[in-house]
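Report on one structure; see the data block that follows.
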């Protein structure tokens, strides 16, 4: 079993658990963790609440927006609402949506022939009381182009399944984050 440890986010105001193979590469309004050997990443972002987006469509809206921002082709695989037990440390009344999609996307604006195929698991937690949309995204490479800059560290072709590599799958990482996500200091959200 892979080693998992609690990670402080945003100066310890929030925390969740992640496999220790993910290393932080964070900045101010987002926390980013990456496993360079598998080209997987986890991103937690705090965004100003977009009240004009209907709750039941928010996760899919944010995933489509991400695809558009990255000039990626996207296939939406599923959209659902999480149950209170899926994110047990947050108020059950908070809207918690999930969207999962496959993107064909190039890194760092590389050319289209360097595009990778990546599955993204995205949760949107709508913290209306503090006017914040929390986005949690887990990126799972499915296919790495030989022309992609990612090929240098992890190789090209179809990704080695997590079970074969001896690590948690991206879905398991995503579920662990949601199950362990805690807000320790709500002052983080005060403007």
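Please pick out the residue among 37, 68, 41, 17 that is in contact (Cβ under 8 Å) with a residue 60 or more places away in the chain and more than 14 Å from the chain's Cα centre (by Cα). Before the answer, list the steps.
Working: 68 fails: in contact (Cβ under 8 Å) with a residue 60 or more places away in the chain; 41 fails: more than 14 Å from the chain's Cα centre (by Cα); 17 fails: more than 14 Å from the chain's Cα centre (by Cα).
Answer to the selection: 37.
What's the number of the condition residue 148 fails, among (1) within 24 Å of residue 31 (Cβ to Cβ); (2) modelled with pLDDT under 95; (3) buried (at least 22 other Cβ atoms within 10 Å of the Cβ); (4) more than 13 Å from the chain's Cα centre (by Cα)?
So residue 148 meets the others, but not (1).
Do you know which residues across the stretch 105-116 are surrounded by 19 or more Cβ atoms within 10 Å (Cβ to Cβ) and either under 18 Å from residue 61 (Cβ atoms) or touching a strand residue (DSSP E or B) at 6+ places or on another chain (Cβ under 9 Å) (or both)? Show your work before the answer.
Kept after step one, since they are surrounded by 19 or more Cβ atoms within 10 Å (Cβ to Cβ), are these residues of the stretch 105-116: 105-106, 114-116.
Residues satisfying the conditions are 105, 106, 115, 116.
With respect to residue 162, determine if the residue is more than 18 Å from the chain's Cα centre (by Cα), at pLDDT below 90 and either surrounded by fewer than 15 Cβ atoms within 10 Å (Cβ to Cβ) or closer than 27 Å to residue 3 by Cβ (or both). Write out each step before concluding.
Values: more than 18 Å from the chain's Cα centre (by Cα): no; at pLDDT below 90: yes; either surrounded by fewer than 15 Cβ atoms within 10 Å (Cβ to Cβ) or closer than 27 Å to residue 3 by Cβ (or both): yes.
No: the conditions fail for residue 162.
Could you grab me the full set of residues in the stretch 117-145 that are buried (at least 21 other Cβ atoms within 10 Å of the Cβ) and part of a loop (DSSP other than H, G, I, E, B)?
145
Could you run through the stretch 166-191 and say how many residues are modelled with pLDDT of 95 or more and in a helix (DSSP H, G or I)?
11
Kindly establish whether residue 7 is farther than 19 Å from residue 177 by Cα and surrounded by 13 or more Cβ atoms within 10 Å (Cβ to Cβ). Explain how you work it out, then say what you get.
Working: farther than 19 Å from residue 177 by Cα: no; surrounded by 13 or more Cβ atoms within 10 Å (Cβ to Cβ): yes.
No, not satisfied.
Give me the residue from the stretch 35-45 that is buried (at least 20 other Cβ atoms within 10 Å of the Cβ) and at pLDDT 95 or above and, out of that set, nearest to residue 121 (Cα to Cα).
Here the residue is 42.
Restricting to the stretch 47-81, name every residue that is in contact with a helix residue (DSSP H, G or I) (Cβ under 7 Å, 6 or more places away or on another chain) and either part of a loop (DSSP other than H, G, I, E, B) or crowded, with 17+ Cβ neighbours inside 10 Å (or both).
49, 53, 74, 79
Would you confirm, using the coordinates I've provided, whether residue 100 is assigned to a strand (DSSP E or B), under 18 Å from residue 47 (Cα atoms) and at pLDDT 95 or above? Break it down into steps so the answer makes sense when it comes.
Working: assigned to a strand (DSSP E or B): yes; under 18 Å from residue 47 (Cα atoms): no; at pLDDT 95 or above: yes.
Criteria not met by residue 100.
Within the stretch 11-21, restricting attention to residues that are in contact with a helix residue (DSSP H, G or I) (Cβ under 8 Å, 6 or more places away or on another chain) and modelled with pLDDT of 90 or more, which residue is farthest from residue 165 (Cα to Cα)?
Going through the stretch 11-21, the residues in contact with a helix residue (DSSP H, G or I) (Cβ under 8 Å, 6 or more places away or on another chain) turn out to be 11, 13-19.
After this cut, where a residue has to be modelled with pLDDT of 90 or more as well, the list is 13-19.
Values: 13: 33, 14: 30, 15: 26, 16: 23, 17: 20, 18: 17, 19: 13 Å.
Ranking the qualifying residues of the stretch 11-21, first place goes to 13.
Which residue pairs have Cβ atoms closer than 8 Å, lie 6 or more positions apart in sequence or on different chains, and pair a first residue in the stretch 167-191 that is within 11 Å of residue 121 (Cα to Cα) with a second residue that is part of a helix (DSSP H, G or I) and modelled with pLDDT of 95 or more?
Listed pairs, sorted by first residue: 175/86.
May I ask you to list the residues in the stretch 82-93 that are out of contact with any strand residue (DSSP E or B) (no Cβ under 6 Å at 6 or more places or on another chain), assigned to a loop (DSSP other than H, G, I, E, B) and touching a residue at least 24 places away in the same chain (Cβ under 8 Å)? Lay out the reasoning, then the answer.
Filtering the stretch 82-93 down to residues out of contact with any strand residue (DSSP E or B) (no Cβ under 6 Å at 6 or more places or on another chain) leaves 83-86, 88, 90-93.
Imposing the further condition that a residue be assigned to a loop (DSSP other than H, G, I, E, B) reduces the set to 83, 88, 90-93.
Scanning the stretch 82-93 gives 88, 90.
The values are calculated or read from the model by the stated rules, or taken from the named source; none is laboratory data. Note that this is a predicted model, so its numbers are computed, not measured. For neighbour counting, all protein chains shown are included, and Cβ atoms are generated from backbone atoms with ideal geometry for every residue, glycine included.
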